[in-house]
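Here is the structure we will look at.
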Amino acid sequence: MPPPTPLAPYTSPPPTPHTLTLITSLLPVPSTWLTQHLLSLHLSSSTSSSNPPSTILISLTQDQNFHLDALKKLGIQTQTLQRSTRFTFLGINDIQLDLPALSKTVREALSRASAGEEEVILMLESVDILLSSGAADINGVMDLILYIQETATHTIVSVNADDPLMRNEQHAALVVGLGHIAHRVFALRGLDTGVARDVSGVLRVTGGGGSAEGGKEVLYFVGDGGGVEVFERGEVRS
Amino acid sequence: MSFRKKNLVINRGPPGAPSVPGIPSTPQIPKRPPPGARPSPINGQYTTSTGTPSLDSLLAGHAGLPLGCSLLIEEPGTTDFGGALLRYYAAEGIVQGHAITVVGFGENWVRDLPAVVGDAEKADSGSGGKLKEGERMKIAWRYERLGEFGSGIGGSRAQSFTRQDPKDIENPDTSTAPHAFCHSFDLTKRLTIPPAAKISFIPPPSQSLSSPAIETSPFAPILTSLTNIINQHPPTLLHRIIIPSLLSPLVYPPSASSPRHLLPFLHSLRGLLRRHSSNLTLMISLPLELYPRDTSLVRWAEILSDGIIELTPLPQLQDIKGQDQAPQGLVKMWKLPVLGEKGGGVYGQSGENLAFTVTRKRFEIKAYSLPPMDEEENGHNGGAERGKATKVDIEF
């Protein structure tokens, strides 16, 4: 079993299907590690059951190697994964910043994945770039996400929530709108008290508009090699 | 740091899923690094020098700019210190025989490149650098990599690998030495560009203000030529792309600063870098005067870059004798290549302020500390001191 972390109760898949998990990140505290962490939990939890979930990872800012390398370090057998038809990865070079094209790709991937009986998990990274680059308006992006949420068993969406971006009305509306329909929200931010050598940032987990879950705040540290440690405030670490 | 397990795996999968420790994050490593590249001490990924040793050592311990990565240099105000960094980067590439592509500027830009004067490593030790040969033997070699650079941010000294190469030390003509990773340059002299140098220029977008020009992206032709150039070069040849003064109204039409044009361009550049991650690097300088950091446009440019440096020039009060080494500006690292993408902020790396000094010989980034009190007073009361001096003069 993975060592228990303070985060464990919040990373299990939501009990009800068709739920959305929202991850918000800032420039100094990107969410890629959390995406990979959640993904690895989904992938490894499936090895015990007979029907592993189909996984679709769509990243608008990262390439395949970046995520696969990290997953490898988290103990996922990526080679098996890549051969498997149950795993679809679309990275920065597979997708253009174009809503009709993206939504066609997503629909195809989803229909392929949901052909079987197993659960479908879809992760969509940095979807907000569609909005900012003028490739889509907020309705288009929301429609796409709602479609994904309805079709996939679990949907995980990450967006950038930096102040300069949130000043843009459309961007703020997207992030807040997603927060309202989300079952769970992971918000990453820097340490309020300044910089620290052994803390990369703060992770706040709250129930989104779609749930009555309580909240939790933990600290995390990303090491040189990319290994991540999650711990409570004031916890003595080795 | 040497005693920490590099392959530490946190949150392993269940025991059923065997973890794969110790696999470097680069998928395949050819036998020998291409010229001008060397493996990163952190993860073995190949890196290339930015032409500025102290900048190399700031890049999250990689001791160079990892291939497939981009560096965004931001600068408020009207100065062009970032341009100096770009010129070192270009000059280093030419000296190493890399392909160079300059976007938005013509041949004039390359004519101003600084001349190579030798190997940066030896320039350091030779010109009374902090470590003399004899002293160097006393400390373990692995600490040597860490040492000297006062800022403590990068962890790894840029010099490490090439310094120990005996061939390098014997061969004084370092401009042709095969293993030199980073050279030192003289800003006052011009680099003679070898005829075989693979330099390409992509002209700036047309400044036409007619309505179709506003609708179509001014970056589309740049991207097309860039892709063509990349495809013409063999994949083993390292290639440096340089975009000086992005969005400067002198070079780019007003429509370039529209997010619907700039963002797809930067996104495609990022895609290109990822696709050609074994030979491509990119450096962009972005003047912040018209587009400050807290605009969503610049924030997106930052999100789409691998590393971000901000150079904030300090007001130069007056030229005071003996203050040649006074820093000309402050350096802020907002994002570090590779590590920044993984989620480790610059927070974990530095607690110190950094400043840069440009002299005739070099662009140097070092820890910034306020000068000792008396010196500071001299600095502040420069006028008063001069007043005193004149008083003395009068008495004479």
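The values are calculated or read from the model by the stated rules, or taken from the named source; none is laboratory data. None of these values were measured; they are calculated from a predicted model. Don't worry about glycine lacking a Cβ; one is built from the backbone with ideal geometry, like all the others, and counts go over all protein chains shown.
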(message) Exactly one of these conditions fails for A:T78: (1) over 15 Å from A:L39 (Cβ atoms); (2) of a type outside the set (A, V, I, L, M, F, W, C); (3) surrounded by 17 or more Cβ atoms within 10 Å (Cβ to Cβ); (4) modelled with pLDDT under 85. Give me its number.
(response) (1)
(message) Condition first: closer than 22 Å to B:L113 by Cβ, in contact (Cβ under 8 Å) with a residue 24 or more places away in the chain and in a loop (DSSP other than H, G, I, E, B). Now tell me which residues in the stretch B:211-257 satisfy that.
(response) B:H233, B:L237, B:L238, B:P244, B:S245, B:L246, B:S248, B:V251
(message) I'm trying to understand the selection: among the residues of the stretch B:275-301, which are surrounded by 21 or more Cβ atoms within 10 Å (Cβ to Cβ) and within 27 Å of B:A37 (Cα to Cα)?
(response) B:N279, B:L280, B:T281, B:L282, B:M283, B:I284, B:S285, B:L286, B:A301
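Just the residues that are out of contact with any helix residue (DSSP H, G or I) (no Cβ under 6 Å at 6 or more places or on another chain) and within 29 Å of B:G344 (Cα to Cα), please, taken from the stretch A:161-176. Before the answer, list the steps.
As a first pass, look at the stretch A:161-176 and keep what is out of contact with any helix residue (DSSP H, G or I) (no Cβ under 6 Å at 6 or more places or on another chain): A:163, A:167, A:169, A:175-176.
Residues satisfying the conditions are A:D163, A:R167, A:V175, A:V176.
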(message) As an exercise: evaluate A:D128 against (1) among the acidic types (D, E); (2) surrounded by fewer than 21 Cβ atoms within 10 Å (Cβ to Cβ); (3) under 18 Å from the mean Cα position of the chain (by Cα) and give the number of the one condition it does not meet.
(response) (2)
(message) Tell me whether the stretch A:172-184 contains one or more residues that are assigned to a helix (DSSP H, G or I) and either over 17 Å from the mean Cα position of the chain (by Cα) or facing chain B (nearest Cβ under 9 Å) (or both).
(response) yes
(message) Exactly one of these conditions fails for B:L269: (1) more than 16 Å from the chain's Cα centre (by Cα); (2) in a loop (DSSP other than H, G, I, E, B); (3) closer than 16 Å to B:T101 by Cα. Give me its number.
(response) (2)
(request) Would you kindly identify the helices (runs of 4 or more DSSP H) lying entirely within the stretch A:1-102 that contain at least 1 residues that are within 9 Å of chain B (Cβ to nearest Cβ) and within 25 Å of A:V205 (Cα to Cα)? (result) A:32-45, A:64-73
(request) Please specify each residue of the stretch B:342-357 satisfying the condition of being surrounded by 18 or more Cβ atoms within 10 Å (Cβ to Cβ) and either assigned to a strand (DSSP E or B) or at pLDDT 80 or above (or both). (result) B:K342, B:L354, B:A355, B:F356
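Run down A:S133, A:S111, A:S158, A:S84 and say which single residue is modelled with pLDDT of 95 or more and either in contact with a Phe, Trp or Tyr (Cβ under 9 Å, 6 or more places away or on another chain) or more than 30 Å from B:A220 (Cβ to Cβ) (or both).
On the way: A:S133 fails: modelled with pLDDT of 95 or more; A:S111 fails: modelled with pLDDT of 95 or more; A:S84 fails: modelled with pLDDT of 95 or more.
Of A:S133, A:S111, A:S158, A:S84, the one residue that is modelled with pLDDT of 95 or more and either in contact with a Phe, Trp or Tyr (Cβ under 9 Å, 6 or more places away or on another chain) or more than 30 Å from B:A220 (Cβ to Cβ) (or both) is A:S158.
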(request) Mind counting the residues in the stretch A:141-186 that are closer than 19 Å to A:H42 by Cα and of a type in the set (A, V, I, L, M)? (result) 6
(message) Looking at the stretch B:240-261 only, could you name the residues that are under 20 Å from B:G82 (Cα atoms) and out of contact with any helix residue (DSSP H, G or I) (no Cβ under 6 Å at 6 or more places or on another chain)?
(response) B:I241, B:I243, B:S245, B:L246, B:S248, B:P249, B:L250, B:V251, B:Y252, B:S257
(message) Please determine whether any residue of the stretch A:125-147 is farther than 19 Å from A:L60 by Cα, in contact with a helix residue (DSSP H, G or I) (Cβ under 7 Å, 6 or more places away or on another chain) and of a type in the set (S, T, N, Q).
(response) no
(request) Mind listing whichever residues of the stretch B:18-39 are among the aliphatic types (A, V, I, L, M) and either buried (at least 19 other Cβ atoms within 10 Å of the Cβ) or at pLDDT 50 or above (or both)? (result) B:A37
(request) Could you tell me which residue of the stretch B:40-89 is surrounded by the most Cβ atoms within 10 Å (Cβ to Cβ), considering only residues that are closer than 20 Å to B:L286 by Cα and of a type in the set (S, T, N, Q)? (result) B:T50
(message) Looking at B:A120 and the list (1) in contact with a Cys (Cβ under 7 Å, 6 or more places away or on another chain); (2) modelled with pLDDT of 90 or more, which single condition is not satisfied?
(response) (2)
